[in-house]
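Please read the structure below before turning to the comments.
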Amino acid sequence: MVKNRKRFILIASILVFIAIFSRLLGTYVDWLFFVETGYSFVFTRVISMELLSGLCFGAFAFFFVFINIRLINRLEFPTPAISINGYATFTLNPTRLAGLSRLLGLLVSLFIGILGALWGASLWDQILFFFNGVSTGLSDPVFGKDVGFYLFRLPLYQSLSSFLGFILFLSLMISIVAYTIKRGFHINRFQLFIAKEIRIHLGVLASLVLLKTAFGFYLDKFDLLYTSRQIITGAGYADVHAKLFVLNLLVVLSVIAGIAFILAFAKSRFKAAFYPVGAVIAVYIIGMVIYPNLLQNFKVTPNELDLERPFIQHHIEFTRYGYGLGKIDLKPFNVSYDLTVKEIQKNDGTIRNIRLWDEGPLLKTLSQLQQIRTYYKFTSIENDRYRIDGKYLQVMASARELSYDDLPSKSWINEKLVFTHGNGVSLAHVARITPEGLPEFIVKDIPPTSITKDIKVSTPEIYFGELTRSYAIANTRIPEFSYPTSEGNVYSSYKGSGGVAFDSFFKRLVFATHFKDAKILLSSDIRADSRILYFRNITERIRKATPFLSLDQDPYIVISGSGKLYWMVDAYTVSTHLPYSRRLRNRVNYMRNSVKITVDAYNGTIKYYLSDPDDPIAKAYSTMFPGLFQDFDAMPEDLRKHVRYPRDLFKTQASLYATYHMSDPKTFYNKEDLWEIPSHAEKSMEPYYLIMKLPGEKGEEYVLLAPYTPAKRDNLAAWFAARCDTPNYGKLIVYTFPRDRLVYGPRQIDARIDQDSYISQQLTLWGQRGSQVIRGSLLIIPVESALMYIQPLYLAAEDKGGLPELRRIIVAYENNVVMDETLEGALQKIFGGRAPAPTPIQTGAIFRPTGVKELAGEAARTFERMMQLQRQGDWAGYGEQMKKLERLLKDMTKE
């Protein structure tokens, strides 16, 4: 018996030691990461608050349960007699039972104390919010409390209520079970007898449970402001005029019941003790369930609009506040189809930036033309803009990252020491195409080459990206693979400041233990100045540094003015505690894009910039972590030019504004003017970026657009725009169309395209020839006071390896629908005359040199590109350029 107990204690001690050691080791590795990134103050603030709150909650839970168990142990065990087969009888030693009881009580108390510590540590952010919250200047319409109370204080009150309820209920159950085992309850002639000490103990615990219930009813009043209903979110007429009064009554009744219970229970008046409890339950059932339902069905429902009008108004106003919809500028857009060639040329900045390449086809094309090697991978296509040759141009970019899943040889040396980074980006104009229907690249190949002096990539290595999910060790005795050429591979060595240096044997031991990889400790290729790079995935890296920020799902890569690569990430401050605001699926009902984040793709340096200084949650974080956020103006100018309005937030706002543009409660209640995001190709249209001139503005700017149609109708009702360029960044505008005329929507344009005999015939012929016809996204382009509809057509071979080629462009304007090989040709068919003249970079049409001199120059440049591709071993690109050279030579013979 003694040996088994000692063995159990030894095994338990070893397990506890391993758990504590693993936790401390992980904490030290995290500390080194925070020191590397320069945010050690965030780590110390969070860890100190976790320790302090965990200690307080754990100590409270331990001592509260331990004291109750000590009170229970005052009652001695009865001396039990155990009979075996009716022949032998022996008794257990009461002293030994008491010792076991005390040991078990200590273990139970320790276990609950650990649970309490973990619970308290998880509330570190709520505690910091509680002490660092700010006033918003906006009060709720029912209780008159500042919204800051709900954002920063109420969550902690609710967590404390849950914690106290858990500890009290657990203590009460432990006490009842223990007293039952110790035979503290006696029943004689259907009458219950309980010792006075037990009555007082249990009575106090039960009274505390009732007092905690009173506190819970007090907090439940505020929960009424989050009630989800068919029409609104928040307290309605029945809540305010029935439930609110009942909850106030229940608070008082619960306090009275708690006092009455202890007084009656201590005097063995058990029935009298439970009468007040029964009264609380009865009032709850009648006042919170039956009466509100009767009031709702017989008074509110027949007069719903009149009675619920003020609450509908609250719901509209707070939802608009919660998602930043209150400052939307509403403007009329009087559609008129009187565009001339001169006006088309005047809007050349818009025309030459119409996006002809969809993200899906372009990603597939990039993967075949620019991936270069199988172990490189493009994960997504991002829209951005650059100023090239003095022109403001929209581009599509993608980072060429290293895919560890596709490495030819997956040895530890290859995965951790040799193949450590991706290489460069591909950058293509949104509208420029080659004669073969392929994208015309601005930046391409390995090492990256650019056709313009305005964009150069001087540091193409990508050590931190979207695919880098494992650690790497850089600057070792083994050269790192940089990029392949036709003559052989080029190697390099990491010279950055990212990661942690292996400047001591202790650090190597720590990381070998943490990553469970002895090779880190044993490898002779690792030097004292080698650096281990971990948390290399940019999303994981940011979340590790600032776990309290919600991140956008669409990071994008940017080329800085100095040629370095940076990741741009949008971060959100969110809450689930804004009164009367509609909840999303994840229960969020407050959302702001208050922080812009940059991550150096080479060094992993993270910088946070405050883009919305008026956001109260961002203000609270700034107070919690002084120095974490920099002013938005502190962002380098070459990066600030690439800040864009996040698509995820815009989609949420556009979806909500389709309903919440109705500010009148009656209109909202009847859904008289409900909008929706139109569907195209059997799915909702995605918002799209565009360089265009907004009505009334003098120059082009980068905007994010989304159209609206009336609910269950196909014509357009409005279009929503978010401005992306400073100084107008973040301004939202909705342009509404006249209701007295038809403005074609996407489905109607699709139907007109399908009804066009020439287009329909061509699509059928291409399909019969074994080609897959891919109809691109339909873009609605505002130009002056008119709308143009643009849809690209791609052809690809039926097999999975088919390369999408942009072969036709469909343009719809007023009652005209035309299709041509180029956007310029389509516009000429509609408007006559000549559309904006093509230039090598600045056009949405195919650039075709004319004249022997121009053709010879283009042929020489094509030949140089052929030789470069041959050296790199890119035979697909080599063949493409050879075809282009052949066409140029034929054109020269015609001149």
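For the range 698-743, the fraction of alpha-carbon pairs lying more than 13 Å apart is 60 percent, rounded to a whole number. Spin-label model, Asn248/Val490: points 7 Å from Cα along the beta carbon direction are separated by 7.7 nm.
In the range 311-402, which trypsin sites (Lys or Arg not before Pro) fall in coil by DSSP and have 12 or fewer other Cβ atoms within 10 Å? Taking the range 311-402 and a limit of 12 other Cβ atoms within 10 Å, the loop trypsin sites (Lys or Arg not before Pro) found are Lys327.
So for the range 522-666, Kirkwood radius off the Cα pairs, Stokes-Einstein at 25 °C and 0.890 mPa s: how many µm² s⁻¹? Calculated translational D: 141 µm²/s. Largest first, the extents of the alpha carbon coordinates of the range 156-313 on the three principal axes equal 61, 35, 22 Å. Scanning residues 5 or more positions from Glu461 or on other chains, those with amide H under 5 Å from its amide H are Gly424, with H placed 1.01 Å from N in the peptide plane. Applying both filters, DSSP loop and at most 12 other Cβ atoms within 10 Å, to the trypsin sites (Lys or Arg not before Pro) of the range 691-762 gives Lys698, Lys712, Arg739, Arg741. Once the Cα-Cα distance is subtracted from the 0.36 nm per residue extended length, the Ile14 to Thr764 segment shows a gain of 262.7 nm. The apolar share of the surface of the chain, taken as the fraction of accessible area on carbon and sulfur atoms (1.4 Å probe, ligands and nucleic acids excluded), comes to 57 percent.
With the convex hull of its Cα atoms as the shape, the chain has an orientation-averaged projected area of 50.4 nm². The calculated FRET efficiency for the pair Phe185 and Lys299, based on their C-beta separation and a Förster distance of 45 Å, comes to about 0.35.
Restricting the range 483-554 to chymotrypsin sites (Phe, Trp or Tyr not before Pro) that sit in a DSSP loop and have at most 16 other Cβ atoms within 10 Å of their own Cβ leaves Phe515. The calculated 222 nm mean residue ellipticity attributable to helices in the chain amounts to -13500 deg cm²/dmol, summing -39500 (n - 2.57) over DSSP H runs of n ≥ 4 and dividing by all residues.
Note: the range 260-362, Cα convex hull, 331 Å³ per residue. Note the full-extension length gain between Leu118 and Glu697 as 0.36 nm times their separation in residues minus their Cα-Cα distance, in nm to one decimal. Length difference between fully extended and current span is 202.8 nm. Per residue, the convex hull around the alpha carbon atoms of the range 593-681 comes to 165 Å³.
Think of a 1.4 Å ball rolled over the protein heavy atoms: the chain then has 46 Å² of accessible area per residue.
Here the scattering of the range 716-831 is modelled by Debye summation over its C-alpha atoms, one equal scatterer each and no solvent; at q = 0.10, 0.19, 0.20 Å⁻¹ the log10 of I(q)/I(0) is -0.39, -1.04, -1.10.
Just so you know, the Rg over Rh for the range 123-206 is 1.31, from Cα atoms, with Rh as the Kirkwood radius. Candidate membrane-span-like segments in the chain, meaning DSSP H helices with Cα atoms spread over at least 20 Å of their own axis and a Kyte-Doolittle mean of 0.5 or above, are 2-37, 40-72, 94-121, 154-181, 196-223, 244-266, 270-284, with no membrane implied.
The values are calculated or read from the model by the stated rules, or taken from the named source; none is laboratory data. It should be emphasised that the depicted structure is a prediction, and the values quoted were computed from it without experimental measurement. Cβ: placed from backbone, ideal geometry, glycine included. Neighbour counts: every protein chain shown. Side chains included, ligands, DNA and RNA excluded: accessible areas come from the protein's heavy atoms. Shrake-Rupley method; radii C 1.70, N 1.55, O 1.52, S 1.80 Å.
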